1. Which residue, of GLY93, GLY123, is modelled with pLDDT under 95, crowded, with 20+ Cβ neighbours inside 10 Å and within 23 Å of THR64 (Cβ to Cβ)?
2. May I ask you to list the residues in the stretch 74-129 that are among the polar types (S, T, N, Q) and in contact (Cβ under 8 Å) with a residue 12 or more places away in the chain?
3. So GLU331 fits all but one of (1) assigned to a helix (DSSP H, G or I); (2) of a type outside the set (Ser, Thr, Tyr); (3) touching a residue at least 60 places away in the same chain (Cβ under 8 Å); what number is the exception?
4. Looking for something surrounded by fewer than 17 Cβ atoms within 10 Å (Cβ to Cβ), outside the structural domain of GLN110 (by TED's automatic domain parsing) and touching a residue at least 60 places away in the same chain (Cβ under 8 Å) - is there at least one such residue anywhere in the stretch 342-363?
5. Mind checking which residues of the stretch 168-183 are surrounded by fewer than 20 Cβ atoms within 10 Å (Cβ to Cβ), part of a loop (DSSP other than H, G, I, E, B) and either polar (S, T, N, Q) or in contact with a strand residue (DSSP E or B) (Cβ under 6 Å, 6 or more places away or on another chain) (or both)?
6. Select, from THR280, THR240, THR234, the only residue that is β-branched (Val, Ile, Thr), crowded, with 21+ Cβ neighbours inside 10 Å and modelled with pLDDT of 95 or more.
7. Would it be correct to say that TYR114 is farther than 24 Å from LEU50 by Cβ, modelled with pLDDT under 90 and aromatic (Phe, Trp, Tyr)?
8. Please work out if GLN366 is in contact with a strand residue (DSSP E or B) (Cβ under 6 Å, 6 or more places away or on another chain), over 30 Å from MET83 (Cβ atoms) and in the same structural domain as VAL274 (by TED's automatic domain parsing).
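The values are calculated or read from the model by the stated rules, or taken from the named source; none is laboratory data. Remember, predicted model here, so these are calculated numbers, not experimental data. Cβ coordinates were reconstructed from backbone atoms using ideal geometry, including for glycine residues, and neighbour counts include every protein chain displayed.
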Amino acid sequence: MRSQKNLVRVLAALLCVTFLLTGGGLSANSGLRAAAEPTVYFIAVDYTVLPLADGAMPITSGVTLYAPHRAFTNGTGIFSSIMYQPHYLSLFGPNRSLTFDIERNVSFDQDRMYSDALIYRGGAYYVPVDAVCDYFGLSYAVLDTAYGKLLRVRLPSTAQDDEAFLNAAADTIERRYREYTNPSTPTPATPSSGAVLPVAPPAAAATPTPTPTPAPQRVAYLTFDDGPKKDGSTERILNTLDEYGVRATFFLLGTNMHLNEDSIRRIVGTGHAVGLHSYTHKREAFYASPESMLDELARTNDALYEAATVRTRLVRTPYGSNPYLTPELREAMSDNGYRFWDWNVDPQDSLGKPTKESIYTLAVSQLEKLQRPAIILLHDKHTTADTLPALLDYMVAQGYTFRVITESQPPSNFYQHVR
C-alpha cells in the first residue's frame, strides 16, 4: 500500500514539473489552474505551516470546507477529546467547549444544539472550519500557493496580512511539499548477482550466554486530588506532565471546578483521566448518609459536565474510604455505578508543612518496597508541582510505565487491590 502511495506521489510530482516547465507556473494568490498538479492542501496556524500527510489535509463537501480537528489544536489554545460510547469529539477552548455527536450528526455545547456536524472518514475527524472558527473566535483564509491551496487559521491577535505571510513562508511551503511528494524510504542494500560477501570465520565453541530474565514491568498511576486550583498549581502540574509525556488521573473537587473550568477542559482535552472527589470535601456532609453522598457525587459530575461535557464513574472519597465509607455507603456507591479508588503510595504532600525534599523521599522509599502497581496519592498544590520533575526523573529511570485509571478496570482501594 505504501509503495502504491509513493508511486502516485512521484507521478503527481512529475506531472507538476512538466507543467511548470511548459510555462504554467503558479505564484502565490494566482489561483489553481493546472489539472495535472498534485492535489495537496496545506494548513497553517498563525505563522506555522503544518507538515503535509495523508488524512491530514482539508477536504470540501458541497460548499463546506472541513479540516482535521488537529488543525485547531496546534497553538490555538484549543484541546480535544474523543469518546466512543457515545461517540463524541469535543473541542475545549477558553471559556467554552463544543462537542460533535458523530452518530447523530449534530453538535452541542452546554446551552444549545447546533446543526453543524463533522465528517468521520478513515478514522479521521474533519470539523467544519467556518463553524469552529466562529464558535471559538478564530478567523481563517484560503490562500493559493505555487503547490496547492493553503488554509490559514488565525488567532484574534494574528496580523491578517496573508500576502506577507505567504512570502515569509514560501521556503517552508516548498519544503513541506517536497517532503510529502518525495518521502525518504530507505531500503536495505541488496548485493548484486554474483557479488562476493565477506564471511566471518566460525567462532570457537564457547559456553552459551544465558538469556537475561527481563525485569518485571513497573506500572504507576499518578493521581492528583483537590483540583483544579485557580492559583496556577494545576497549570504547572499539567505543564510538567506534558513535558514528560505522562498522563495522570485527576480527582476533581466540585466547588473548585466552577473557579477554573479552563483547566478542566485542558485536563480532559490532553488525555488525562478525571474522577470525582466530592463537591464540598466536608467529611460530615459527604458521609452523613447514602443520600448525601450520592447528592455530592451527582453535583460534582454536573460541574464536570458543565465544564467539559463529560461525566465519570471514578471516585476518590474525601480522606480515603477507610474508616469513613461504611458498608451501607459502599453498597450505595456500587448500586449507582460508581467505582472508588484509594492509594498505596502516600508521600504526605498535604499533611503538616511538607517540602519537596520530604515528598520526594517518602515517595521513593514507598515505591522501593511496593510489589504491585503503584497508585500514588498527590495533591494539586505548588509544593507538589515543585517535586514532580524530580519524582518523574526517578520513576522514568526506574522503568515505570504510566497509566491512567479507567472506568472499565477493577478498582483498587483499601478493600481490594490491583495486583
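1. Numbers: GLY123 fails: crowded, with 20+ Cβ neighbours inside 10 Å.
Step by step, each of GLY93, GLY123 is checked, and only GLY93 is modelled with pLDDT under 95, crowded, with 20+ Cβ neighbours inside 10 Å and within 23 Å of THR64 (Cβ to Cβ).
2. Within the stretch 74-129, the first condition is being among the polar types (S, T, N, Q), and the residues that meet it are 74, 76, 80-81, 85, 90, 95, 97, 99, 105, 107, 110, 115.
Result: ASN74, THR76, SER80, SER81, SER90, ASN95, SER97, THR99, ASN105, SER107, GLN110.
3. With (1) assigned to a helix (DSSP H, G or I); (2) of a type outside the set (Ser, Thr, Tyr); (3) touching a residue at least 60 places away in the same chain (Cβ under 8 Å) applied to GLU331, the lone miss is (3).
4. no
5. Within the stretch 168-183, ASN182 is the sole residue that qualifies.
6. On the way: THR280 fails: crowded, with 21+ Cβ neighbours inside 10 Å; THR240 fails: crowded, with 21+ Cβ neighbours inside 10 Å.
Result: THR234 is the single residue among THR280, THR240, THR234 that is β-branched (Val, Ile, Thr), crowded, with 21+ Cβ neighbours inside 10 Å and modelled with pLDDT of 95 or more.
7. Values: farther than 24 Å from LEU50 by Cβ: yes; modelled with pLDDT under 90: no; aromatic (Phe, Trp, Tyr): yes.
No, not satisfied.
8. Numbers: in contact with a strand residue (DSSP E or B) (Cβ under 6 Å, 6 or more places away or on another chain): yes; over 30 Å from MET83 (Cβ atoms): yes; in the same structural domain as VAL274 (by TED's automatic domain parsing): yes.
The answer is yes for GLN366.
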